[in-house]
Structure formats: C-alpha cells, structure tokens
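As structure tokens, the structure follows; a few thoughts come after it.
Every read-out reported here was derived from the displayed coordinates using simple, explicitly stated rules and does not represent laboratory data. All of these numbers come straight from a predicted model, not from anything done at the bench. We place every Cβ from the backbone using ideal geometry, glycine too, and count neighbours over all the protein chains shown.
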Amino acid sequence: MELDPRFADVPEDAEQQLPPSDKPTGMAARFVLRRFPVWPLIAWMLKKKVPVHRHSIWYTMGGAAMFFFIVQVVTGILLMIYYKPGQPWQSVQRIVMEVPFGALIRSVHHWSANLMILILALHFFSTFFMKAYRAPREFTWLTGIGLLALTMTLGFSGYMLPWDDVAFFASRVGIGELEKSPLIGPLLADIARGGPDITLDTVGRFFMLHVFLLPLTLMGLLGLHLFFIQVQGVSEPDSFAAQPPEKKRYHKFWEFMVGEIPIWLFLGVLLVALSALLPRTLEPEADPFAPAPLGIKPEWYFLFPFQVLKLFPGSLEFVGMALTGLIPAAAVMLPFVDRSVPADQRGKMISRAGFALLVVILSFTIWGWLSK
Amino acid sequence: MSEHNEQTAANKSRRRFLALTGVATVVWVGAAAYPVIRYISPIPAPDPFGEDGRAKVEGIVPADILKPGMGKSGAYGSRGLVVFRRPDGTTGALDAKCTHAGCNVTFAGDHIECHCHGGLYDLTGKNVSGPPPKPLTPLKLVEADGVLYVERVKPLKA
Amino acid sequence: MNYPVWDLPFLGSGIVVAIIAVIHVLISHFAVGGGAFLFVAEWWSGNDPDGDRIRAWLHKFLTFFLVFTTVFGAITGVGIWFSIQLASPEATSLLIHQFVFAWAAEWVVFLAELTILYFYYYGWKANSRRMQVFLSGAYFVISWFSLFIIVGILGFMLTPGNWTLENPSVYEGFFNPTYWPMLFGRTLIMFLLAGLGGLVIASRIEHEAFKTRIVHFCVKWVIPAAFLIPIFAYWYWTALPENTVKLVTGGVTGVMGGKMESITTYAILLSVSGAVIMLSALLLAIRPQALTRAAAVALLLVALLGIMGGEFFREMARKPYVVYGYLYSNSLWKHKADEPGYLAKPYFEASRWDPPVEALSPQHGEWLFRLQCANCHTLNGYRSLTTRTVNWSGEFGYSWLDQTMPTQGVMPPFQGSREDKAALSAYLISLQSEGEKQTASEILAVLKAKEVAKLEKEAAVPSPAVANDPVPAKESPENQPDVQPTGEGVLP
C-alpha cells in the first residue's frame, strides 16, 4: 500500500522502518501515513532518543509542569461550573460547603497551582545549569520564559477570584506595586483594576484573564515550545556529550514518554494527599473598607521581588524595580550571550552567576516568608 | 512450528491477563473518578418542609393578606409561592411554579397570571386559560406567633 | 521535654507518631512481602534456564531489601514504641497489659526473622540451593507472623469486638471484627509493595529482554493484589463503627469552615493511589522498557501516600477514642466519664498530673490545654486551636466547652469544673492577635451576672405575649451563609 508521497519523499524501505502492521502502533502509523504526508515527522519520532545520564531526572520537570497545567484546566473547568464572578465569595463558599467534593476540587486546584510554579522553578534552573538554552534552542528558552510569566500571571489573577480578605489585600498589594512602575504604571493598574479601586469589576477582568485569555495564550506558547523540542530533540549536557559514543546510553523517546506517566500519576496522588493534609481554607469575605489583616503577604512565588522592593522604599523604588527587572531581561538575553558548546570561560561565569542568583532568590524568599 | 504455537498460547494468556487487568483498572479508576462524578451531578434541592412538615414563608407577613383582594409573592425553602386572601375571606397559598414552562406566576387581584406565555389561573389554582396544562400545586397556609408557614397538601385532580 | 506531657509545638505528638508509623508500615509490609518475593524468585530461578542471571539480579534486590528493611524497619519500629508511650501512656499501658504475650511473641518473631535473613544473605554463595529456598520461605512465614500478631492489637483499638472492661477476654479482643479483613488485606498490600520494590531494582537493567522478564515478574505481584485489595477493603468497611460510616459519608460536602471532612479525603487518597498503581502496572505490563528509575521510585512514593491515606483514615475512624468505646484519645476513660458528676470535677483532681498552677491564671488554662487537648491539637500548627477559636469571646468559649463540645462526635467530652472552662477559654483567646482579651475571672464574673439576671427575670411576673413584629425579609440562602458558631473555621 502506498504511503502518501505528496510534499515529501518517502524512501522505498519506509514501511520496513515502521512497527509491524499487526501491532496497534504499526496500524496507527499506517493509518495516518496513508492519508497525510507526514513521513518526516514519523521518521523523526522513530529515531528520537533521550540521553540517559545522572541528571536525566531533570528531563521530567517540563512534562510534570504540563501535567499540573492539565490538572488546572480540568479542575478549573469543574470550578467554573459553580463559580459566579458576580458573587465570587458566595459561590466559592457554596463550592466548598455544599457541592459534593467541592472542597477537594478547590484544594487540588490550589495545590496544583503552587506545585506547577515550584516545578517550573526547578525546570528553569535545571535547563539553565544544563545549558539547554544554547543555539539552536534559543526559542525554546524564550517561549519558556513567556510560559513562566504567563503562569505567574495566572497565579496572581486566580488568587483574587475567591474574593476573601486575603485575596483582596494580596491583589491590592500586587497591583499597588504595578502602579509604581515608571510612566505606564498607573495606566496599567487602572486597566487591571477597572478603575481607581479594586471592585467586583476587577473580579470580572481577572476572571476573563484567568479562564480565557491567559490559558489560551499559554496553550499556544506551549504548543510552540513542545514543537521546538520535538523537532530539535532533547539537548545533551556537556558532560554527556563529552563521552565516547559507545558509552552513551539513550532511551527510545516513546519509552521515555510512557515512563513519564507514572511520575505524573504520582504527582496527581501528591495533590490529593496535600489536599487531605492541608486543605485550602476560605477566609471571610473581602471588605474593601476594612484595614488590611496583619502580616498580609503575597503568595510565596512573589515573595522574592516583594522583599527586594521592600529594601528600596520611597524615592529609591526605581532601584528596586530596576534590579528585579534585570532578571527577566538577563534571562531573555541569555541564549544570545552564552553560545559556546562546550561551555567556555564565559559560559562558566554565567553558570556561577546563575547559582548566585538562585541563592539570592531562595534567601529573599525565606526572608520574606519569615518576616511579618 | 511448535514454538509459534507456544508463542500464540503465551500471547493469548497474556491478552487475557491484560484484559483482566484492564477491568480491574476501570474499577479502581472509577473509584477515583467518583468524587468528580458526584461534583458535576446536579445537587438535589433540599426538601423545603422541615421535620415537622412545615416550611417558613419568606417575604410575606400576615399584614400582607389582611384584607380580601390582597396578595403577595414570596418564597418557601428554595421555591416560590403566592399567598393571597380571596373575596370570600379565605386565605390561599399556591406554589408559584407555572405548570407550563416553570416561570413564577403573579397574583393579579382576582386571578393569578403567568407573564411568560399568558397562562391564567383562578384563585383555587385551577388553570383556566392559556398554555398551562395543570393546576398550580396548592399549599396549606398556617399562621403561628405572627409568622406564616406552609404545609404540604395532596394535589387537586385536574 | 515538659514532663509529663510531650510538648511538640508545631506538629503535635500525634503527627510525629503518624510520620514514624506510616514509614514503618511501608517498610514492614515491604519486608514481609519481599520475603515471599524472594522465595518465589528463588524457586523460579531454580527452574528457569536463565536461572543464574535471575539469581544475580535477585542478589541486587536482596542487598537493597536487607539494608532498607532492617535498618529503617528497626529504627521506625522502635520509634513507634518511643513515640506512642510518650503520646499516649494510658493507652499504651492498656494495650501492654492486655496483650503482653502478643507483644513478647512479636519481639521473638523479629529476632527470628532477622537471624534467618542474615543466614540467607551471608550464605548466598556457600549455601545450597535447597537451603536458600528453605531460608527464604522460612523468613517469609516467620515475618508474616509478625503481621498476624500486630493486626490483633491494631484492630482491637478500632473494634474491640466482644472484649469488654468487665470481661477482658484476650481472645475476643485479639480476633476482633477488623482483624480478618486487615490480615488478608495487608498481606495483599505486602505482595504489592514487594512488586514495586522489585520494579525499582529492575529499572536499571540494561539487557532489554531480561528487563522485560523481570518487569513482568514484578508486575505479577502488583496487579492481582491491586485487584483483590478492594474486596477486603469493603469487608473492613462493613466492620467499621456506625459513627465512622456516618462521618465518612457525611463528609462529602464541606463542614466547619469549608474543609471537607478529612476522613473522606483520606479515603479518596487511598482509592486514587490504588488507581494510579493499577494504571501504571498495566502500562508497564504492556511496555516494560518504559520503566525508568524515576518512574519506579514515583510508584513507591504513590504507595507511601496511599498508605498514608489508609492509615490516617483508620486513625480518624477511631475518633474520639484511642480504644473505641473505652478510652478517649486524651486518656479519659469512658466508663469514668459516664459516672454522674465526674465530668464536672476539677480537672487536676482527676488527672494523673496536678501541675502547680494558680487557679484561673493563664498557666491554669495552658496546662488544661496540654493535658486535655494536646493529644490531638497544637496551638499554631496541626489542627491549630488558634485558627479554630478566631472569633471566640470568653463567654462563647465557655459555652462551647460546656455545651457544644460534648455533642461534637469526634471529640471527647470536656472534663473540668466551671473554673477550668473559664481558664481554658481565657487562655485560648489570649493567644489571638486580634480581639478582646478576658481573664478567666472576668469570664466567670460575666457568666455569674447573666445567671443572676436570668433568675431575677424568672422570679418576676411573666410578661404577656409580645405583639407580633413583622418578620424581616431574609435574603436568599445563597447570599447569606448560615452563621453557626461552630468554633472551627474562620467564617463569621
């Protein structure tokens, strides 16, 4: 039977390279190839390999983040069934108190958000230290930065939706910081809030962002990110690449992906366990006229910039903002600055700088956590 | 040849094993999916009549139906109702859900009407004109300590 | 350590016992299941043409097994002893006195199984094949006996069955209603864990065809067990006390400030873990090469979380008792609590420790917390009392301890006099960062004044029925949450 040769040359022995025709994978491949000219893609998938080395575990981080995102979409859809943006606090209260297992779904949604950001931090730093951003993978890295920014914005917007006093005041603090940005700060803050103050209108805007615009954009960027990885293959760290060819071990790509599934399932169980041990509570309804509760803090993933900004009060604000703004700027420039494979002196310095940054971020986060 | 038969036999037993495993997996996954299924299933409306068979009328006080011709819409449990005093002085209470398409009916002096499709009921709840196919469900109105309650009544025959 | 109360600020003694015990269950169950695994593998290697390679792999498994189970098993096992004595001396005393020979037999079993295991390991090359098969089999049988014994004691705590205080039959207490479902259910869990442990060691096998064979062997330990466990879980469910069943099924919606009844969530954790293990085992049966070390370790962690779900469920099922129907979690004896007037006695007269505190002082309240509440609650950490008393006033706290607590269902009745209740209430509200503070004497004074006013009112001529005020229209239920002064959660 002929495989569709339009747009791409299909070699004579193509059929022999496919899995046997009586196996499900073989049948699926033939089904697709007879209709769609995707031979190069399938050929690539057959050859694709994942390096096996001491740091292979880090290759699972990205997939884990995607798993958490899928959980967020599923639990988010479920929550949307009962959440009402016009009555945010009451509808969330109904979810946790009246809807069967509503408290569980909500807790899972909360924990999955936190774990997603945590694992993205691990993913970010592991790809940084393994220097996976180097050419030809610059755009994988850039889309990744975009995905991180989207995820944190999703976290920020979702946090406000329950409209309890913690949500309200944390959002007020966050938008307040945004307002302090030079030139466009006040304008951005007004658009975000839908006015000079945070009201139910703000909830409407954040709801639209959180359930539609941001997830849609994220899925688009994620699609690009994954496409780049598929067509370029998994990067090999310098220590692995330096080994003689006969010593290098690889997983077949399909085996690796299937092996990721138990890890994802474990993360799912972890979410349920965290929801059992540390369920998400609902604080009293937001009262815009009441004073902020003592010790109001943003969520842990915003503690680092928050703490930095606290160090530069008053007129020194811009210094703090510039400093925190340096980090995303440096991240974006990184793949164009560190290009050498294997890493040269500049590459090594960059690794050390990154390590120092990691230590700083951790310290400031802990400091922010401990301070009142 | 015999090796091939062995292989087929092994394949068959492996397939059966996997099938059993598949069934067991479905059972386990079903147990794990149970919370989600319960979550999305409609929440049954609670019975408005409490343990003593009586539901408090919300939004209507005895003063609202002091004189014949007075009537008001209110609620009991999670349902709507109309309460009124007929020209002959007797009080009436009817569940407000129109039997046509479920809109809430309104008291209109000497009759009850549904604004959705123009259905009309008399003050006994009987459907007299328009699309409604059945009478409104009557309720027994009682007053205790100045508060209105309703109790269940067996439905009228249409 | 604040003798005689084990004071653990953030976690609480219960959680420390839980952490040690959950790890111990994972290890001990793996240890027994692993024995069966070794025995069957030994027997298999004797009959298989590739026997030497299987045995070589088995030795890797055995090394991991020996170190993991003996070291951590011993540490956590002894850890359980230490922690339960400190957390609940009264309950431990009861269990020891009732089942002293069972405990003794358990230690003998441990000694025997370890001895056999070391003979098995160090005789790996020197012993004959028959001896090795025999030793592994003997190890399994003897270590299984440690399960046979411990389940009697563990099951007794939740379902004492026909054992009573007046007629404390060791036989009835030991072979109690949850004994048999737990015995068989846990044996199956042991086989399942052995399979998972095997998968961890199998994940690094390089030879593809051999890896497939070993993965298939391990998966055969996981799947039938996962298939049969629900049957015994159901049997266990039917043996549970009635109140527990009500809690679990009633806990489907939120209670007390929006947290779903955690016992229900732990049951869900257990079923989700089982589903995951089942799915993954199926996946690995179809694609053995997909087994990576990370995946295998992940599955073991899933099993650990599943065990956590099951054990936490079992512990919560037993609330408010530590020995169901007889001894409350805070060492209050039910038969004493049922005596008229006992609960109203000043607490320090009845308790085992009479701390040198001034009556109605904050220390009075603090010691009441330590002796009566700390078994299950911490102040700022697990099951935090400060979170649960956020809106308490002094009088409300008093009336909660006086009237609501006995009807709680998951808590023992409060034992103490008026002064005790006032002192504890004053102490708890003193820990809040916001809100009015009251001392215990102030609370008592307010309550006294209210009582006097009430008596005066009743003594006067009863006033005529008040004219009906119009009933104010209430907002629909969606807009106004029920304001129940439940004391848990933070809703107004």
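The trypsin sites (Lys or Arg not before Pro) of the range C:197-234 that DSSP puts in a loop, and whose beta carbon has at most 14 other beta carbons within 10 Å, are C:Arg204. The angle between the Cα long axis of helix A:60-82 and the main principal axis of chain A comes to about 50°, on a 0 to 90 degree scale. The lysines within cross-link reach of C:Lys220, meaning a Cα-to-Cα straight distance under 17 Å and a gap of 8 or more places when in the same chain, are B:Lys12, C:Lys211. Note that the range A:201-254 shows a convex hull volume over its alpha carbon atoms of 116 Å³ per residue. Note that chain C, at 20 °C in a medium of 1.002 mPa s, gets a Stokes-Einstein diffusion coefficient of 83 µm²/s from its Kirkwood radius over C-alpha pairs. The residue among C:Pro160, C:Phe65, C:Thr76 whose Cα reaches farthest toward the positive pole of the charge dipole of the range C:23-160, with charges on the beta-carbon of Lys, Arg, Asp and Glu, is C:Phe65.
Its residue count N sets the reference 2.2 N^0.38 Å, and the alpha-carbon radius of gyration of the range A:222-372 equals 1.49 times that reference. Per residue, the convex hull around the alpha carbon atoms of the range B:68-158 comes to 92 Å³. Computed from backbone phi with θ = phi - 60° and the Karplus coefficients 6.51, -1.76 and 1.60, the 3J(HN,Hα) list for the range C:345-351 is 5, x, 4, 6, 6, 8, 6 Hz; x is used for glycine and proline. Over all pairs of different C-alpha atoms, the range A:122-209 has a mean inverse distance whose reciprocal, the Kirkwood radius, equals 14.8 Å. If you plug the beta carbon distance of A:Asp22 and A:Leu224 into 1/(1 + (r/R0)^6) with R0 = 35 Å, you get a FRET efficiency near 0.45.
So what does the Cα-only Debye profile of the range A:17-153 read at q = 0.09, 0.13, 0.16 Å⁻¹, as log10 I(q)/I(0), no solvent term? Here the Debye-derived log intensity ratios amount to -0.49, -0.84, -0.97. The GluC sites (Glu not before Pro) of the range C:403-440 that meet both conditions, a loop assignment by DSSP and at most 11 other Cβ atoms within 10 Å of the site Cβ, are C:Glu434, C:Glu436.
Mean residue ellipticity at 222 nm, helices only, chain C: -20500 deg cm²/dmol; runs of at least 4 DSSP H residues each add -39,500 (n - 2.57), and the sum is divided by the number of residues. Take every Cα pair under 8 Å whose residues are at least 6 apart in sequence, average their separation, divide by the length of chain A, and the relative contact order is 23 percent. Taken as entire DSSP H runs, the helices of chain C that both span 27 Å or more between Cα atoms along their own long axis and average 1.0 or more on the Kyte-Doolittle scale are C:13-47, C:100-122, C:129-158, C:179-202, C:262-286, C:293-317. Using the Cβ of A:Ala343 as centre and a radius below 15 Å, the other residues enclosed give a net charge of +3, where K and R count +1 and D and E count -1.
The mean sequence separation of alpha-carbon pairs under 8 Å and at least six residues apart, normalised by the residue count of the range A:1-108, gives a relative contact order of 18 percent. Taking amide H as placed 1.01 Å from N in the peptide plane, the amide H of A:Val52 sits under 5 Å from that of A:Arg249, A:Tyr250, A:His251, each at least 5 places away or on another chain. With bins 5 Å wide beginning at 0, the percent of Cα pairs of the range C:1-145 falling in each bin runs 2, 9, 16, 19, 15, 12, 9, 7, 6, 4, 2, 1, 0. Charge dipole of the protein assembly as shown (Cα centre as origin; +1 on each Lys and Arg Cβ, -1 on each Asp and Glu Cβ, all else neutral): 2860 debye, rounded to the nearest 20.
The ratio of the alpha-carbon radius of gyration of the range C:377-430 to the globular-protein estimate 2.2 N^0.38 Å is 1.07. Between A:Gly62, A:Val359, C:Asn176, the Cα set farthest toward the positive side of the dipole of the protein assembly as shown (charges on each charged residue's Cβ, about the Cα centre) is that of A:Gly62. With the helix formula -39500 (n - 2.57) applied to DSSP H stretches of n ≥ 4, chain A reaches a computed 222 nm mean residue ellipticity of -21500 deg cm²/dmol. Annotation: lysines with alpha-carbon distance below 30 angstrom to A:Lys180 (same-chain offsets under eight excluded): A:Lys297, A:Lys310, A:Lys372. Each listed q (0.20, 0.33 Å⁻¹) maps to a log10 I(q)/I(0) for the range C:278-317, found by the Debye formula over equal Cα scatterers with no solvent: -0.64, -1.04. Here the range A:245-310 was treated as a single set of alpha-carbon atoms; its pair distances binned every 5 Å from 0 give 3, 10, 9, 11, 13, 12, 10, 10, 8, 6, 3, 2, 1, 1, 0 percent. Computed across chain B, the Kirkwood hydrodynamic radius from all distinct Cα-Cα pairs reaches 19.5 Å. Loop-located chymotrypsin sites (Phe, Trp or Tyr not before Pro) across the range A:269-342 with a Cβ neighbour count of 12 or fewer within 10 Å are A:Phe289, with loop assigned by DSSP. Could you state the angle between the C-alpha long axis of helix A:138-160 and the longest principal axis of the C-alpha atoms of chain A, as a value from 0 to 90 degrees rounded to the nearest 10? Its long axis makes an angle of about 30 degrees.
Out of every Cα-Cα pair that the protein assembly as shown contains, those further apart than 53 angstrom amount to 33 percent. Please tell me which of these pairs span more than 18 angstrom C-alpha to C-alpha: C:Lys246/C:Lys421; A:Lys48/A:Lys248; B:Lys72/B:Lys97; B:Lys56/B:Lys126; A:Lys49/A:Lys248; A:Lys47/A:Lys248? Too far apart for the 18 Å limit: C:Lys246/C:Lys421; B:Lys56/B:Lys126.
Here A:Lys84 is the anchor, and the lysines within straight C-alpha reach of less than 22 Å, apart from those fewer than 8 places off in the same chain, are C:Lys259, C:Lys474. Considering only Cα atoms, the convex hull volume of the range A:164-267 works out to 211 Å³ per residue.
Against chain B, whose longest principal axis is taken from its Cα atoms, helix B:2-40 shows a tilt of about 20°. Could you tell me the ratio Rg/Rh of chain A? Both radii from Cα atoms, Rh via Kirkwood. Expressed as Rg/Rh, it is 1.02.
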